[in-house]
Every structure is written in C-alpha cells, then in structure tokens.
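Student: What follows is a single structure, and I will ask about it in a moment.
The values are calculated or read from the model by the stated rules, or taken from the named source; none is laboratory data. What you see is a predicted model, and the numbers here were worked out from it, not measured in a lab. Here Cβ is always computed from backbone atoms with ideal geometry, including for glycine, and neighbour counts include all displayed protein chains.
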Amino acid sequence: MKVPVSPLAPAQFPAMPAMTGVSFAAHACGIRYKDRDDLLLMVLPAGTTAAGVFTRSKCPSAPVDWCRQALEDGKHRARAVLINAGNANAFTGSAGMASVERTVKKAAEVIGCDPSHVFVSSTGTIGEDLPDERITKNLETVFAKAMTEGEAGRDWKSAAAAIMTTDTFPKGATRTAEIDGVTVTLNGIAKGSGMIAPDMATMLSYVVTDAAIGADALTAVLRKATDRTFNCITVDSDTSTSDTLMLFATGSAGNKPVKDADDKRLKGFKTALEDLLRDLSHQVVRDGEGASKFVEIRVTGADGNKAARRVGLSIANSPLVKTAIAGEDANWGRIVAAIGKAGEKAERDKLAISVGGVTIAAKGRAVEGYDEAPVAAHMKGTDILIEVDLNIGKGKATVWTCDLTHGYIDINGSYRS
C-alpha cells in the first residue's frame, strides 16, 4: 500500500556536511522490498569511539544482542555499521544470531577490521528468518561503492532513506559545537514511524561526530541526552524489539580528546547533541503512522520530574486522548482520566488543564465561561499544545506524541501483506 508523505514532514531534508573518513553505500538487496535500497553500510575511520543505548524489551532482536556484546568486546570502538530494512531478525532463535555472525564476519573481512568493531541493525517484520545471503553476497560491491562514490558516498539523505520501513520521509539533522575553540560537527539519521514508545531508544538512529571524545564520556552524554529526547516520545506505546541509538566519535576535527563527561569543555557539545536528538525524535513523531497532528504535552507541579514524565506519557499514550485530538475535540475529561490512571500523586481539585494556552479546566471542574473559540481554532491546527499543572510539587516534564487516526489501522492492518 502506497502511503503519502506525512503532512507533518519537514519541508526538506537538511544540508548535512561530509565528514572526514565517513562514507556510505546504500544498496537494493531484495530482502523484502522491491526496487528500492534496503541495505546501508556506514564505514568509519579507524580509532572511532562508540556508544549505544538499546531497547529494554525482554524479547530483543539478535542484532541488539550482538551490538551490546560488541561494544564490550571491541572496547567501544567502531569501523562499520550495517543496517537492513524489511526484516527485523527478531524472534528467530539461534538462526537469528547465526545470521548476524555470518553477516558480521563477511563485513569484517571486506573492510579489514575486527568483527567486534562491526555493528548491525535490522528493522522490519518480526519472526521471519533473515535471508542474510542476500546481504553477504553484495557486501564487496557495497563496500566498493562506499569507497569510490565520492560525494554520493557521503549522501546522508540516501543513507536515511535506505533504512526506512513504514516511514514516509527520511530523517536527518545536523548541529555544530565548539570544543577548545575547535568547531565540531554532529550529523544524525533516524528511522521510525510506528512501534514507537520510550524505552532507551525507541527506533533506529545513528549519530556521528568528528569530535575526539572518549568512550566513557560518550556513553554518559548519550544516555543523558536520550533520556530527555527519545525517551520522551511515543506514537503508539509499543516498544520495538530492535530499538538502537548509537553515537560515534571519529576524532577527525582535531580537538584535544575529552575523556570525562563532566569536563566543562563538553558543555556546548552536550547542548548540540540534545538538540539534534530532540530534532530527530520529533521527526519520528511527525511521521507517526497515520499522524495528522503533532502534540506537545507539558506537565508541571508534579511530585518530581519522573512523576511528571509518567503523567505526561499516560496522557500521550491514551487512545481516547489521541482520537479526540484527531477529531479536533478539546475533551479535557479524557485528559483528567489519563492523569488519574498514571499511578502518580495527583489531587483532583488542584488540577489545571490548558489547551493552546487557554485554561479550560481548574479546581476540579470546567472553567466557567472560558472562550471556546481560540481553543477550537487551536485544535484545527497541526501543532497542538496541552499543559497540565498538578499543583502539588515542583516536578516538570515535556513529552511529545501524535494523534491516532484511521490511517494507523490501514498501515498496520496490511503491514505483512
């Protein structure tokens, strides 16, 4: 089924600069899709440090298991990332890991590196064996393309497009920062549209920086930035078996290496990384399957920041709230119900709820005589703001989601056909 580009998609893919020693090749292997690239090889320079966060699902894919172990075995070093679309290689038993090992072995031979420096991801249908021979037989060709295609081998848009499944547009972002007066660049791509719920990563995303940053510091800053971005989004409350977010630092910018996450020299980098991840995570939500509205939910006055986020996610994951938004109905009763079921401290008669900046409910009831016109106008827009003040503490959080339309059923009802 041909799905139109999300109405919430950015106007264009960002201009992302090339990075010294980093090259790509996308290739059509016929893993599931016809007449489109479904394999991406990213080649990184020797000495690149790596960090990653992965799904906390108790049913992780074989590639996730491999990446976790490879980070440890390879001492957080990376030379390549190999990603296929169309098959998740999840819930495939011992055959799934054997498939990963064959793929990694061939990639390491072609590139000339240790297998523990090759990271793999798979996205697509769960429970089907990965036809890895379609990958391995093409790896020499793919590697040659990455090494010889010049500017085409540094095309971040084509790289982002190759890893899409139900996505309707490729997702990319770029930022810069300074470390010791040296300008460093961060480029990132992501894929995700459905099966999106916060749990460490919530999709596939790969960020590369030319900064020189040690593995321990890289891991620490990634985890903190993830918690404030990708772990604050939800499309449908379903956490994938394949969630992977990795950050690679090549060191080619030439700054003096940073080894401590608390080093003040990383201040600008941390800000840039969090901003980039927020951009990518918002693009994932804006491409939510069937989405027509992007929703920001701000929770204040909670009994702690974690409590605020849980309340926000309870609202964001409520099918009743999401369908009301799709129907352009500011049904504050559904928001109250979602707050009440969150399991966090709340007092009914202290709640205040605003939509589009207009307070519509407070002190346990609707605000008498509030002007519905600006609220109705706001609900007809594409960007919706819901604010909840619990008025019991100082905790606050912001989460992002999308509405729930019949398009979600159309896409997922035919996903395997």
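Student: With respect to the numbered conditions (1) of a type outside the set (V, I, T); (2) at pLDDT below 95; (3) crowded, with 20+ Cβ neighbours inside 10 Å; (4) not in a loop (DSSP other than H, G, I, E, B), which one is the sole condition not fulfilled by M195?
Tutor: (4)
Student: Got a number for residues in region 346-381 being under 23 Å from R278 (Cα atoms) and exposed (fewer than 13 other Cβ atoms within 10 Å of the Cβ)?
Tutor: 2
Student: Listed residues R334, R278, R265; which is crowded, with 16+ Cβ neighbours inside 10 Å, within 30 Å of V375 (Cβ to Cβ), assigned by TED's automatic domain parsing to the domain that holds A173 and modelled with pLDDT of 95 or more?
Tutor: R278
Student: Shifting gears a bit: Given the criteria at pLDDT 95 or above, closer than 27 Å to R278 by Cβ and under 32 Å from the mean Cα position of the chain (by Cα), does L390 qualify?
Tutor: In short, yes.
Student: For residues that are over 18 Å from the mean Cα position of the chain (by Cα), crowded, with 22+ Cβ neighbours inside 10 Å and not hydrophobic (A, V, I, L, M, F, W, C), tally how many sit in region 294-312.
Tutor: Residues flagged as over 18 Å from the mean Cα position of the chain (by Cα), crowded, with 22+ Cβ neighbours inside 10 Å and not hydrophobic (A, V, I, L, M, F, W, C) within region 294-312 amount to 1.
Student: Given the criteria surrounded by 24 or more Cβ atoms within 10 Å (Cβ to Cβ) and either touching a Lys or Arg at 6+ places or on another chain (Cβ under 7 Å) or not assigned by TED's automatic domain parsing to the domain that holds L273 (or both), does L204 qualify?
Tutor: Criteria met by L204.
Student: In addition: Restricting to region 264-301, name every residue that is in contact with a helix residue (DSSP H, G or I) (Cβ under 7 Å, 6 or more places away or on another chain) and basic (K, R).
Tutor: K270, K293
Student: For region 135-187, give me the residue count where each residue is at pLDDT below 95, touching a strand residue (DSSP E or B) at 6+ places or on another chain (Cβ under 8 Å) and more than 28 Å from T103 (Cα to Cα).
Tutor: 0
Student: Here is a follow-up. Search region 274-318 for residues being among the basic types (K, R) and touching a residue at least 40 places away in the same chain (Cβ under 8 Å), and hand back the single one that is farthest from F230 (Cα to Cα).
Tutor: So the residue we want is K293.
Student: Select the strands (runs of 3 or more DSSP E) contained entirely in region 287-383, then report the ones holding at least 2 residues which are in contact with a strand residue (DSSP E or B) (Cβ under 9 Å, 6 or more places away or on another chain) and under 18 Å from A397 (Cβ atoms).
Tutor: 294-302, 352-355
Student: For T48, state whether it is touching a Phe, Trp or Tyr at 6+ places or on another chain (Cβ under 8 Å), touching a residue at least 24 places away in the same chain (Cβ under 8 Å) and hydroxyl-bearing (S, T, Y).
Tutor: Yes, satisfied.
Student: For region 239-256, how many residues are surrounded by 24 or more Cβ atoms within 10 Å (Cβ to Cβ), in contact with an Asp or Glu (Cβ under 9 Å, 6 or more places away or on another chain) and over 16 Å from A177 (Cα atoms)?
Tutor: 2
Student: Another question, then. Of the numbered conditions (1) crowded, with 21+ Cβ neighbours inside 10 Å; (2) free of Cβ contacts under 8 Å to residues at least 12 places away in the same chain, A397 fails exactly one; give the number of that condition.
Tutor: Here A397 meets the rest and fails (2).
Student: List the helices (runs of 4 or more DSSP H) that sit entirely inside region 98-173 and contain at least 3 residues that are in contact (Cβ under 8 Å) with a residue 24 or more places away in the chain and under 30 Å from R286 (Cβ atoms).
Tutor: So the answer is 156-162.
Student: Still on this structure, please answer the following. Yes or no: T92 in contact with a helix residue (DSSP H, G or I) (Cβ under 9 Å, 6 or more places away or on another chain), surrounded by fewer than 24 Cβ atoms within 10 Å (Cβ to Cβ) and without any contact (Cβ under 8 Å) to a residue 60 or more places away in the chain?
Tutor: yes
Student: If we scan region 357-368, do we find a residue that is among the polar types (S, T, N, Q) and either at pLDDT below 95 or within 24 Å of I409 (Cβ to Cβ) (or both)?
Tutor: For region 357-368, residues among the polar types (S, T, N, Q) and either at pLDDT below 95 or within 24 Å of I409 (Cβ to Cβ) (or both): absent.
Student: Can you give me the number of residues within region 251-286 that are closer than 18 Å to A220 by Cβ, among the basic types (K, R) and in contact with a strand residue (DSSP E or B) (Cβ under 6 Å, 6 or more places away or on another chain)?
Tutor: 1
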